[in-house]
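J.: I'd like to ask some things about the structure below.
The values are calculated or read from the model by the stated rules, or taken from the named source; none is laboratory data. Keep in mind that this is a model prediction, so the values were computed, not measured. Glycine also receives a Cβ, built like all others from the backbone with ideal geometry; neighbour counts cover every protein chain displayed.
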Ligand code: NAD
């Protein structure tokens with residue numbers, strides 16, 4: 001489907017999000033290696049597992065079978081309107097779950113394209129697209145599902161989770177949050193600035209794993225800010241809104257107004273950008289001298305604004321991060337293994353990435369998902385298969401095992417107690 005229709009996908013993403021062809025094509029083409037990875041690994045993932053057990057249990061043949069959970073519902077947001085429908089669908093297909101996909105009403109061209117293509121490439125008895133907004137989603141949610149996979153913001157996530165709870169339906173919540181970046185004194189600040197600015201401006205900052213804000217250690221702050229300016233001048237040598245700069249747009253005027261308001265209320269200093277055109281375009285903007293109580297720190301920015309907060313050292317950054325809800329990703333640019341260990345031990349986040357942004361998502365073998373307020377459950381690679389599978393344990397106890405059970409039947413005797421319970425109580429605990 002992707003190979004036959006790549007141009008239609010690119011055009012739809014341009015129509016809905018103003019996405020440059022490079023970004024749109026790259027985003028959608030990623031479905032191909034992800035699908036092939038699942039296809040090549042499926043036999044191994046689905047194979048019955050035989051856990052190692054004590055000798056006396058072996059005749060029971062303990063096994064875990066991965067079985068399809070049943071009928072799944074995937075609800076996707078607008079910011080990556082194609083891949084956030086199709087990536088989880090790879091998991092549902094590989095696990096054997098018939099699925100309804102509900103794309104976002106906010107990206108109508110992409111949603112309509114998916115609805116047209118699905119029946120041409122997938123068995124319509126098993127896979128369907130249902131398009132619509134809140135009302136239609138509520139109708140879907142009133143049905144019984146065996147798994148709901150939701151990607152979107154935390155507030156809607158709560159509505160979906162509450163609806164799922166009515167029917168005790170298992171659910172995956174892929175949410176967002178304010179993913180921080182630490183720039184430590186021992187990193188290559190030029191490279192850090194280039195990678196962060198590139199990451200912040202993908203999809204105009206409308207990315208769940210976007211670097212939301214930066215904590216830069218004060219001693220390297222001037223060098224980091226100079227490097228951001230240099231990277232900006234290289235990325236956009238001409239006025240940002242000129243067509244050849246291929247700068248995309250905010251999804252709609254509501255989100256544009258929300259981001260603009262956060263910027264207007266900020267007490268920080270705009271050192272680059274801050275330009276607005278019409279009601280959907282806002283330039284990449286870097287704001288320094290930002291304090292923790294600034295408007296830009298109130299919520300996930302989800303736009304191309306990068307606030308830079310200065311900290312004394314990485315310990316100081318860790319304190320700031322601990323005061324905010326658990327993010328989807330924690331990024332840190334540092335060469336010090338001591339700092340890396342400290343961050344691994346003293347912070348919480350869905351993923352943790354050193355010295356780059358987004359690279360965690362290139363590794364199919366790593367589960368992707370949030371933690372705490374950034375969601376629960378995970379997918380990608382085997383984690384997708386597991387998400388849509390139930391691990392069903394199995395034992396087969398032969399009649400010949402009966403002598404083992406002599407002590408379990410009534411009437412309970414002192415001797416039976418000594419055999420069954422006493423045996424465990426007398427177990428020698430191995431010394432450490
Ligand atoms: P959105 O507004 O498109 O909503 C997501 C889905 O929920 C849509 O399909 C929509 O129809 C449905 N929906 C909206 N309101 C509803 C309601 N009241 N009841 C039932 N369904 C409803 O997208 P959004 O929430 O604005 O998405 C942006 C958020 O998603 C950001 O917070 C971002 O960080 C997060 N996100 C997370 C990931 C991830 O993988 N963790 C990926 C992308 C986006």
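J.: Quick check: is even one residue across the stretch 112-127 out of contact with any strand residue (DSSP E or B) (no Cβ under 6 Å at 6 or more places or on another chain) and within 12 Å of the ligand (Cβ to nearest atom)?
T.: So far as the stretch 112-127 goes, no, none of its residues is out of contact with any strand residue (DSSP E or B) (no Cβ under 6 Å at 6 or more places or on another chain) and within 12 Å of the ligand (Cβ to nearest atom).
J.: Can you name every residue in the stretch 131-160 that is surrounded by 16 or more Cβ atoms within 10 Å (Cβ to Cβ), more than 10 Å from residue 73 (Cα to Cα) and more than 7 Å from the ligand (Cβ to nearest atom)?
T.: 157
J.: Being surrounded by 11 or more Cβ atoms within 10 Å (Cβ to Cβ) and under 26 Å from residue 51 (Cβ atoms) is the filter here; which residues of the stretch 407-422 pass it?
T.: Across the stretch 407-422, the qualifying residues are 407, 419, 420, 421.
J.: For the stretch 334-351, enumerate the residues that are over 13 Å from residue 181 (Cα atoms) and either surrounded by 18 or more Cβ atoms within 10 Å (Cβ to Cβ) or in contact with a helix residue (DSSP H, G or I) (Cβ under 9 Å, 6 or more places away or on another chain) (or both).
T.: Within the stretch 334-351, 336, 339, 342, 346, 348, 350 meet the criteria.
J.: Name the single residue, out of those in the stretch 208-226 being touching a helix residue (DSSP H, G or I) at 6+ places or on another chain (Cβ under 8 Å) and within 16 Å of the ligand (Cβ to nearest atom), that is nearest to residue 321 (Cα to Cα).
T.: 213
J.: So, in the stretch 183-207, how many residues would count as being touching a helix residue (DSSP H, G or I) at 6+ places or on another chain (Cβ under 6 Å) and crowded, with 21+ Cβ neighbours inside 10 Å?
T.: Residues in the stretch 183-207 being touching a helix residue (DSSP H, G or I) at 6+ places or on another chain (Cβ under 6 Å) and crowded, with 21+ Cβ neighbours inside 10 Å: 5 in total.
J.: Please tell me if residue 67 is within 16 Å of the ligand (Cβ to nearest atom), touching a residue at least 24 places away in the same chain (Cβ under 8 Å) and under 30 Å from residue 136 (Cα atoms).
T.: no
J.: Which one of 302, 354 is in contact with a helix residue (DSSP H, G or I) (Cβ under 9 Å, 6 or more places away or on another chain), modelled with pLDDT of 95 or more and either surrounded by fewer than 18 Cβ atoms within 10 Å (Cβ to Cβ) or over 21 Å from residue 375 (Cβ atoms) (or both)?
T.: 354
J.: If you don't mind, another one. Could you tell me how many of the residues in the stretch 351-371 are free of Cβ contacts under 8 Å to residues at least 40 places away in the same chain and in a loop (DSSP other than H, G, I, E, B)?
T.: 4
J.: For the stretch 281-299, what are the residues that are farther than 23 Å from residue 155 by Cα and out of contact with any strand residue (DSSP E or B) (no Cβ under 8 Å at 6 or more places or on another chain)?
T.: Correct list: 281 only.
J.: Out of (1) surrounded by 18 or more Cβ atoms within 10 Å (Cβ to Cβ); (2) in contact with a strand residue (DSSP E or B) (Cβ under 8 Å, 6 or more places away or on another chain), the odd one out for residue 229 is which?
T.: Failed condition: (1).
J.: Run residue 384 past the list (1) within 14 Å of the ligand (Cβ to nearest atom); (2) assigned to a helix (DSSP H, G or I); (3) not assigned by TED's automatic domain parsing to the domain that holds residue 85 and report the number of the one that doesn't hold.
T.: Checking residue 384 against (1) within 14 Å of the ligand (Cβ to nearest atom); (2) assigned to a helix (DSSP H, G or I); (3) not assigned by TED's automatic domain parsing to the domain that holds residue 85, the one that fails is (3).
J.: Name the residues in the stretch 273-293 that are under 26 Å from the mean Cα position of the chain (by Cα) and within 19 Å of residue 326 (Cα to Cα), would you?
T.: 292, the sole residue that qualifies.
J.: Follow-up. Give the stretch 74-108 a look and list any residue that's within 14 Å of the ligand (Cβ to nearest atom), in contact (Cβ under 8 Å) with a residue 60 or more places away in the chain and over 18 Å from the mean Cα position of the chain (by Cα), or say none.
T.: Within the stretch 74-108, 106, 107, 108 qualify.
J.: Do the conditions hold for residue 180, that is, is it within 23 Å of the chain's Cα centre (by Cα), buried (at least 22 other Cβ atoms within 10 Å of the Cβ) and either away from the ligand (no atom under 12 Å from the Cβ) or not assigned by TED's automatic domain parsing to the domain that holds residue 331 (or both)?
T.: Considered against the rule, which asks whether it is within 23 Å of the chain's Cα centre (by Cα), buried (at least 22 other Cβ atoms within 10 Å of the Cβ) and either away from the ligand (no atom under 12 Å from the Cβ) or not assigned by TED's automatic domain parsing to the domain that holds residue 331 (or both), residue 180 comes out as yes.
J.: Right, here's the next one. Please give the number of the condition residue 53 fails out of (1) assigned to a loop (DSSP other than H, G, I, E, B); (2) under 30 Å from residue 250 (Cβ atoms).
T.: (2)
J.: Here is a follow-up. Taking residue 39 and the conditions (1) farther than 19 Å from residue 122 by Cα; (2) more than 19 Å from the chain's Cα centre (by Cα), which numbered condition does it fall short on, given that it satisfies the others?
T.: Unmet condition: (1).
J.: Could you give every pair whose Cβ atoms fall below 7 Å, whose first residue belongs to the stretch 209-228 and is free of Cβ contacts under 8 Å to residues at least 40 places away in the same chain and in the same structural domain as residue 324 (by TED's automatic domain parsing), and whose second residue is surrounded by fewer than 22 Cβ atoms within 10 Å (Cβ to Cβ) and outside any helix (DSSP H, G or I), counting only separations of at least 6 or pairs across chains?
T.: Close Cβ pairs satisfying both conditions: 219/185; 220/185.
J.: While we're looking at this one, here's another question. Can you find even one residue in the stretch 163-173 that is over 14 Å from residue 76 (Cα atoms), within 14 Å of the ligand (Cβ to nearest atom), modelled with pLDDT of 95 or more and touching a helix residue (DSSP H, G or I) at 6+ places or on another chain (Cβ under 6 Å)?
T.: yes
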